[in-house]
Amino acid sequence: MSEVTALIADDEPLLRERLLGLLGKLWPELRVVAQARHGGEAVEMFDDLLPQVVFLDVHMPGMNGIEAARCIGERAHIVFVTAFEKYAVQAFEQGAIDYIVKPLDEGRLADTVHRLRERVQQSAATAQGEFGAVLERVAAHLREQVKAQDHLQWIRASVGNSVRLISVQQVIYFKSDTKYTLVVWEGGEALVRKTIRELAEELDPAAFIQIHRAAIVNLHHVSQFLHGSGDAGEVQIRNRPERLVVSRSYVHLFRQM
């Protein structure tokens, strides 16, 4: 097989690097010729370089991945990158266009690479007549997710001397002190520079609630609410020893559940 070229478009530098590293391991012959920060840049780079494979983040500032895919059309094999697995399964159920889900999983990407190799080898169009219809279906699902995407999806946190990108779905709680905010997630603990007030405005209120002026908890990780002395209380964290104080200003939130 002759050399295959690819373009990666994602507004998150860490995710671009993660995908680049995995592709280097799973498909050493693939040459990534460009990395774009948004859809408009991806289209410009594509027109200049004409790679056979394009990885497009669905949700990017300015021109999103769906709009960029419309501009690229059937000139390349399109792979969408999405943070919403349920959305991806529904949108791509016929398999005309492939997808991978954030955070990137090496096994899932290996399946995508296998299918891409076969398609490139067959020199077939990405969707062979179904491309437009699939894109419209994807766009419809994207519109349904716009509101959810407005909420914070990733947390950049300091772990030692490195920066870690954490999915908010994995976060158990946030707790602040005078200078930093501690984020506790399924993989450990780290520090973020956002204040509790900033996080409360950016997180999805259906999942995260403020329980104290210095704490926010993910309700999916709360096993029970315990009444304390006076008007205060505590929440028990599921499968963990911690109990977090719920100040009397926020106790009413648990009475409404």
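The values are calculated or read from the model by the stated rules, or taken from the named source; none is laboratory data. Please read these numbers as outputs of a predicted model, since none were measured by experiment. All Cβ positions, even for glycine, are placed from backbone atoms using ideal geometry, and neighbour counts span all protein chains on display.
Give region 182-218 a look and list any residue that's closer than 20 Å to N239 by Cβ, of a type outside the set (F, W, Y) and surrounded by 14 or more Cβ atoms within 10 Å (Cβ to Cβ), or say none. Quick ask: steps written out before the conclusion?
Filtering region 182-218 down to residues closer than 20 Å to N239 by Cβ leaves 182-190, 207-209, 211, 215-218.
Subsequent filtering for residues that are of a type outside the set (F, W, Y) retains 182-184, 186-190, 207, 209, 211, 215-218.
Correct list: L182, V183, V184, A190, A207, I209, I211, A215, I216, V217, N218.
Has region 164-171 got at least one residue that is in contact with a strand residue (DSSP E or B) (Cβ under 7 Å, 6 or more places away or on another chain) and farther than 22 Å from Q153 by Cα? Scanning region 164-171, I find no residue that is in contact with a strand residue (DSSP E or B) (Cβ under 7 Å, 6 or more places away or on another chain) and farther than 22 Å from Q153 by Cα, so the answer is no. Touching a Phe, Trp or Tyr at 6+ places or on another chain (Cβ under 7 Å), in the same structural domain as L109 (by TED's automatic domain parsing), on the phi < 0 side of the Ramachandran plot and modelled with pLDDT of 85 or more: is that true of I78 in this structure? No: the conditions fail for I78. Against the definition (buried (at least 18 other Cβ atoms within 10 Å of the Cβ) and part of a helix (DSSP H, G or I)), how does F174 come out, yes or no? It is false that F174 is buried (at least 18 other Cβ atoms within 10 Å of the Cβ) and part of a helix (DSSP H, G or I). Each residue in region 183-199 was checked for being part of a helix (DSSP H, G or I) and either over 15 Å from V217 (Cα atoms) or at pLDDT 90 or above (or both), and 2 of them qualify.
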